[in-house]
Amino acid sequence: MKSFLLICQFICLTEAISNLEMKQLKGIQNLMKNLHNGVFTTCNIVFFSDLVDFNTAQENCRKFDVGTGSTEGNLATVNTDKKNEDLKMLLSMTYPREEQPKSDWADTKWVWSGLRKTRDNVGEGSKEMVYEATEWQWADGSTPGDFARWLPGQPDQNSLKKGKKGCTEDPKCYQNQMRINHDGNWDDTFKFKKHPYACDYQGKYILSSEKKSWEDAKTACDDAGLQLAKIRTDEELNEIMSAIQYFLGSGDESWSKWDANNWLWLGGNDIKKEKKWMWVDGEKIEWNIPWEKKAGNDNSKKKMKEGQDAMSLSRWGTIDDSFRLGIFRPFACQCPGS
Ligand SMILES: [Ca+2]
Ligand SMILES: [Ca+2]
Ligand SMILES: [Ca+2]
């Protein structure tokens with residue numbers, strides 16, 4: 001069994017994600033450069049940098065509601081190389097490997113995922129532990145398939161007696177929860193340990209606080225394999241407003257109305273024909289656009305030579321047309337196919 005796992009680990013690593021996907025992941029990392037809220041996301045995985053125990057992580061993912069609709073969120077289902085790679089990038093970005101304590105088991109060298117053992121260990125200590133996928137479950141309810149990245153010797157399903165270290169369970173605490181390190185390797189550990197955590201991301205939007213012109217924001221989204229965001233319904237407007245709170249944080253009352261931080265570039269534009277608004281991929285805008293009073297859709301040319309041909313969203317949910325070359329703002333990208 002063990003030698004099979006080692007062979008699988010070798011083969012699986014050689015079929016790792018493509019160069020293009022790697023380049024796009026780098027693009028996503030660039031989008032998140034100066035986000036200060038401690039929450040980061042790819043199109044697959046959203047990462048929270050605060051250190052919490054497993055139950056708290058699980059609860060926080062349940063409550064995370066960007067793009068979940070009426071369903072609940074869940075701790076991350078890391079069942080593909082792509083998702084494992086996303087998670088490695090997010091952990092390395094937040095807790096750079098070289099800045100962490102030496103010990104392999106330091107809290108900041110691991111992130112909680114959604115995999116946990118569904119029954120307590122049987123015969124613990126009496127024989128060598130073997131990983132049986134059927135005894136484990138992802139937080140979204142699915143059972144693990146062939147994909148696994150256990151460290152050699154893991155899961156070891158260790159236990160601790162009540163009263164030892166952080167164990168408060170009677171008679172014993174078992175290592176029934178899975179965590180992932182900077183190399184993308186897995187270990188089982190006790191739920192009272194404190195780590196950053198990852199949830200499945202079901203949202204459409206990835207936000208950047210890097211201030212760019214509309215044209216450069218468009219390119220930055222493209223480089224990450226995304227496109228400047230669309231808002232097609234009021235539900236999508238609600239989602240992006242909620243995403244703003246999570247990823248950019250609450251606004252600041254000292255910002256004036258036209259402070260750059262109050263406005264995010266979207267993909268809407270009327271470059272081709274004045275007042276014929278479309279998304280960057282040419283899709284016609286069917287949404288009933290909530291234009292900002294007076295300033296919205298005014299195509300003002302007062303200050304600059306160009307007209308106002310690019311769309312931005314305010315923190316209070318209105319839309320303005322604005323200068324696509326000379327104004328620098330944060331922006332919203334959208335995940336492919338969403
Ligand atoms: Ca372990
Ligand atoms: Ca215009
Ligand atoms: Ca305007």
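Using Cβ contacts closer than 10 Å as the measure, can you line up L51, L266 from fewest to most?
Going from sparsest to densest Cβ surroundings: L51, L266.
Anyone know which of P290, P171, P152 comes out most mobile in the 10 Å Cα GNM of the chain?
The residue with the greatest mean-square fluctuation here is P171.
Let's see if you can work this out: charge +1 on each Lys and Arg Cβ, -1 on each Asp and Glu Cβ, no other charges. What is the dipole magnitude of the chain about its Cα centre, in debye to the nearest 20?
About 600 debye.
Compute the distance in nm between two label points, each set 7 Å from the Cα along the Cα-to-Cβ direction, one at D146 and one at N288.
In this crude spin-label approximation the distance works out to 5.2 nm.
When the helix-only estimate is applied to the chain (DSSP H runs of n ≥ 4, each -39,500 (n - 2.57), divided by the residue count), what is the mean residue ellipticity at 222 nm, nearest 500 deg cm²/dmol?
Here the helix-only value at 222 nm equals -6500 deg cm²/dmol.
Report the full-extension gain for the segment T118 to N19: residue separation times 0.36 nm, less the Cα-Cα distance, to one decimal in nm.
32.0 nm
What FRET efficiency, computed as 1/(1 + (r/R0)^6) with R0 = 51 Å and r the Cβ-Cβ distance, is obtained for K172 and S250, rounded to the nearest 0.05?
Approximately 0.75, to the nearest 0.05.
Given springs between every Cα pair under 10 Å in a Gaussian network model of the chain, which of N288, N44, N238 has the largest fluctuation?
Maximum among the listed residues: N288.
Report relative contact order for the chain in percent, whole number only (criteria: Cα-Cα under 8 Å, sequence separation at least 6).
It rounds to 21 percent for the chain.
Taking the Cα-to-Cβ direction at S103 and at K165 and moving 7 Å from each Cα, how far apart do the two end points lie in nm?
Each label point lies 7 Å from its Cα, and together they span 0.8 nm.
What is the angle, in °, between the Cα long axis of helix 214-223 and the longest principal axis of the Cα atoms in the chain? Nearest 10 is fine, range 0 to 90.
Helix 214-223 sits roughly 30 degrees off the main axis of the chain.
Rounded to the nearest 0.05, what FRET efficiency is calculated for A260 and Q29 with R0 set to 30 Å and r the Cβ-Cβ distance?
Given R0 = 30 Å and the Cβ-Cβ separation, E is 0.85.
Neighbour counts of other C-beta atoms within 10 Å: give me W138, W287 arranged from fewest to most.
In order of increasing Cβ crowding within 10 Å: W287, W138.
Roughly speaking, what % of Cα-Cα pairs in the stretch 59-109 are separated by over 18 Å, rounded to a whole number?
Taking all Cα-Cα pairs of the stretch 59-109, the fraction more than 18 Å apart is 53 percent.
Normalised by the residues of the stretch 205-334, what does the relative contact order come to in percent, with Cα pairs under 8 Å and at least six apart?
41
For the charge dipole of the stretch 205-334, defined by +1 on Lys and Arg C-beta atoms and -1 on Asp and Glu C-beta atoms about the Cα centroid, which residue among W265, I206, G307 has the Cα displaced farthest towards the positive pole?
The residue sitting farthest along the positive end of the dipole is G307.
Quick one: of K102/K164; K33/K212; K117/K172, which pairs are farther than 20 Å apart, Cα to Cα?
K102/K164, as the Cα separations exceed 20 Å there.
Output the 0 to 90 degree angle, nearest 10, between the alpha-carbon long axis of helix 81-94 and the longest principal axis computed from the alpha carbons of the chain.
For 81-94 against the chain, the angle is about 80 degrees.
Within a Cβ distance under 9 Å of Q154, other residues only, what is the Lys/Arg minus Asp/Glu net charge?
-3
What percent does the relative contact order of the stretch 2-200 come to when contacts are Cα pairs within less than 8 Å and at least six residues apart?
Reported relative contact order: 28 percent.
Once each part is reduced to its C-alpha centroid, what is the distance from the stretch 58-136 to the stretch 192-247 in angstrom?
Taking the Cα centre of the stretch 192-247 as reference, the centre of the stretch 58-136 is 23 Å away.
With springs connecting C-alpha atoms under 10 Å apart, model the chain as a Gaussian network and identify which of S314, S213, S254 has the largest mean-square fluctuation.
S254
Sum up the charges of everything whose Cβ sits under 10 Å from the Cβ of G267, counting Lys and Arg as +1 and Asp and Glu as -1, but leave G267 out.
My count for the surroundings of G267 gives 0.
As I understand it, the value is the acute angle between the Cα axis of helix 19-31 and the longest principal axis of the Cα atoms of the chain; what does it come to in degrees, rounded to 10?
Result, in degrees: 70.
Summarise the long-distance tail of P(r) for the chain by giving the % of C-alpha pairs beyond 35 Å.
More than 35 Å apart: 31 percent of the Cα pairs in the chain.
What is the spin-label model distance, in nm, from D156 to Q137 if the labels are put 7 Å beyond Cα along the C-beta direction?
2.8
Since every read-out is calculated from the coordinates, none of them should be taken as a lab result. Note that this is a predicted model, so its numbers are computed, not measured. Backbone-built Cβ (ideal geometry, glycine too); neighbour counts: all protein chains shown.
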